[in-house]
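Worksheet: one structure, shown below.
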Amino acid sequence: MVADSGKARRGDAGDRVMKTIETTVNGRSLIVDVEAGKVYAAGGSASLGWRDNTGYLRVCAGKNSFAAHRIIWESVHGKIAEGFEIDHINNVRDDNRISNLRLATKSNNAANRKKHNGNVPLKGVTIHKCGKFQASLKLGGKFIYLGLYETAEEAHAAYVSKAISIHANF
């Protein structure tokens, strides 16, 4: 995606000095402010992009659109290796500051997601048909059963313990 990643330079953004990288994406010259997580057209002052229906910022270059977080990551670190994704550490999809981005496998990235649904507001916990709280997690596309517990907190503790041992910091 990012062709000839450029040199870092210091530029002016209002009253703050920003660290920028000049880069080219699909033939379009861009300036990336890595500390603020913004992408600008070369010579432009307004940040580019729009929030797509999943909450990620996208930037047009030619006839294609690209995820802003990928442009920012590749501007700093180079091409993303096959099998890896960019994870937003704080789970805020439009927070593209380089300090909030990290390389992750699909499994790592999934481990960092918030709980989205269900009757129990704790990640890794569901109510089993017997009425107890079931702890489980997903690894490599398969669910791992962690047991049934009397309380949601006990089930969540089992989930957290196993998730830390498998996913480390994610």
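The values are calculated or read from the model by the stated rules, or taken from the named source; none is laboratory data. Everything numeric in this text was worked out from a predicted model, so none of it was measured. Heads up, the Cβs are rebuilt from the backbone with ideal geometry, glycines too, and the neighbour counts pull from every protein chain shown. Ligands, DNA and RNA are excluded from the accessible area calculation, which covers all protein heavy atoms including side chains. Shrake-Rupley method; radii C 1.70, N 1.55, O 1.52, S 1.80 Å.
So if I place +1 on the C-beta of Lys and Arg and -1 on the C-beta of Asp and Glu, and nothing else carries charge, what would the dipole magnitude of the stretch 40-170 be about its Cα centre? I want it in debye, nearest 20.
For this selection, approximately 260 debye.
Distance check, please: which entries in 19/79; 142/162; 19/106; 38/79 exceed 22 angstrom between their Cα atoms?
Working: 19/79 20 Å; 142/162 15 Å; 19/106 30 Å; 38/79 19 Å.
Beyond 22 Å between Cα atoms: 19/106.
Taking all protein chains together and a probe of 1.4 Å, list 105, 23 from the most accessible to the least accessible.
Correct descending sequence by accessible area is 105, 23.
Going through the stretch 54-157, which GluC sites (Glu not before Pro) have at most 13 other Cβ atoms within 10 Å and a DSSP loop state?
Loop-located and lightly packed - 82, 150.
Any idea how far apart residue 142 and residue 128 come out in nm if each label point goes 7 Å out from Cα toward Cβ?
It works out to 2.0 nm between the two label points.
Could you state how much accessible area residue 167 has, in square angstrom rounded to the nearest 10, with a 1.4 Å probe and all protein chains kept in place?
10 Å²
Which length gain, in nm to one decimal place, applies between residue 65 and residue 103 when the Cα-Cα distance is subtracted from 0.36 nm times their residue separation?
Between residue 65 and residue 103, full extension yields 11.6 nm more.
I want the local charge near residue 136. Using Cβ-Cβ distances under 12 Å, sum +1 for each Lys or Arg and -1 for each Asp or Glu among the other residues.
Surrounding charge for residue 136 is +4.
Could you look at the stretch 18-129 and say what percent of its accessible area is carbon and sulfur, using a 1.4 Å probe and all protein chains?
48 percent
Just to confirm the filter: which trypsin sites (Lys or Arg not before Pro) across the stretch 37-95 are DSSP coil and have at most 14 other Cβ within 10 angstrom of their Cβ?
For trypsin sites (Lys or Arg not before Pro) across the stretch 37-95 that sit outside H, G, I, E and B with at most 14 neighbouring Cβ atoms in 10 Å, the list reads 63, 79.
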